[in-house]
Amino acid sequence: MSLYNYDAVTGHFTRRTPHNRLPVGSRSGSTLANGYRHIHVDGRRYYEHRLAWLYMTGEWPAEQVDHKDLNRANNAWSNLREATNQTNMRNGSLRKDNKSGFKGVTWRPDHQRWRATIKTNGKQTHIGNFRTKEEAAAAYDAAAIEHFGEFANPNSVLASPNPPLEDRPCTTI
């Protein structure tokens with residue numbers, strides 16, 4: 001008998017059996033300090049996003065599971081995709097030491113311009129120098145979309161309503 005149900009729309013795992021004082025149907029797992037949710041199964045800790053992949057595909061992910069929206073606790077099936085370490089890193093947010101406020105944009109005091117660069121295949125590539133950091137960010141965005149495709153996380157994401165969540169039944173293993 002399986003221990004949990006997985007709801008692909010919410011990304012939540014719920015109990016199929018009572019545990020300690022937790023009733024059937026209660027949400028399983030907890031959030032770690034790094035933002036990921038995890039569940040203990042037979043004394044071993046598993047990340048929820050990896051369990052969700054297993055529940056939905058019947059197989060463990062070959063490498064990593066990427067959260068499209070960068071929210072590590074959002075394990076809805078529509079928010080997850082299989083990734084390599086390299087593609088997962090492309091979908092990153094701003095670094096903490098970023099001073100421009102935009103990915104791929106730095107100030108060039110020697111040119112008195114904003115410089116746009118992108119790293120592909122381990123090599124830093126110069127995109128161009130621009131008068132404003134917004135222009136440099138737009139150039140980075142175009143290059144990121146060209147090079148990284150669906151894994152690009154551009155600076156300026158067009159505001160659009162969220163697509164409807166995929167309507168999938170709960171899955172049980």
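The values are calculated or read from the model by the stated rules, or taken from the named source; none is laboratory data. Please read these numbers as outputs of a predicted model, since none were measured by experiment. In this analysis, Cβ positions are derived from the backbone assuming ideal geometry, glycine residues included, and neighbour counts consider all displayed protein chains.
Are any of the residues in the stretch 24-40 among the charged types (D, E, K, R), farther than 23 Å from G149 by Cα and exposed (fewer than 12 other Cβ atoms within 10 Å of the Cβ)? The answer is no, given that none of the residues of the stretch 24-40 is among the charged types (D, E, K, R), farther than 23 Å from G149 by Cα and exposed (fewer than 12 other Cβ atoms within 10 Å of the Cβ). The single condition among (1) modelled with pLDDT under 95; (2) loosely packed, with under 14 Cβ neighbours inside 10 Å that W60 does not satisfy is (1). Among the criteria (1) polar (S, T, N, Q); (2) in a loop (DSSP other than H, G, I, E, B); (3) at pLDDT below 90, the one Q86 does not fulfil is (2).
Residues in the stretch 101-117 that are within 21 Å of E146 (Cβ to Cβ) and surrounded by fewer than 20 Cβ atoms within 10 Å (Cβ to Cβ): T106, T117. Of all residues in the stretch 70-83, those being loosely packed, with under 14 Cβ neighbours inside 10 Å and either among the polar types (S, T, N, Q) or outside any loop (DSSP other than H, G, I, E, B) (or both) number 1. Evaluation of G101 against the conditions (1) among the small types (G, A, S); (2) at negative phi; (3) touching a helix residue (DSSP H, G or I) at 6+ places or on another chain (Cβ under 8 Å) shows that the sole unmet condition is (2).
Scanning the stretch 115-122 for residues that are in contact with a strand residue (DSSP E or B) (Cβ under 9 Å, 6 or more places away or on another chain) and part of a loop (DSSP other than H, G, I, E, B) turns up nothing. Based on this model, can you work out whether N5 counts as in a strand (DSSP E or B), modelled with pLDDT of 90 or more and surrounded by 11 or more Cβ atoms within 10 Å (Cβ to Cβ)? Answer is yes for this residue.
Residue under question is H67, and the condition is that it be within 15 Å of the chain's Cα centre (by Cα), buried (at least 16 other Cβ atoms within 10 Å of the Cβ), assigned by TED's automatic domain parsing to the domain that holds T17 and over 20 Å from Y4 (Cα atoms); does it hold? It is true that H67 is within 15 Å of the chain's Cα centre (by Cα), buried (at least 16 other Cβ atoms within 10 Å of the Cβ), assigned by TED's automatic domain parsing to the domain that holds T17 and over 20 Å from Y4 (Cα atoms).
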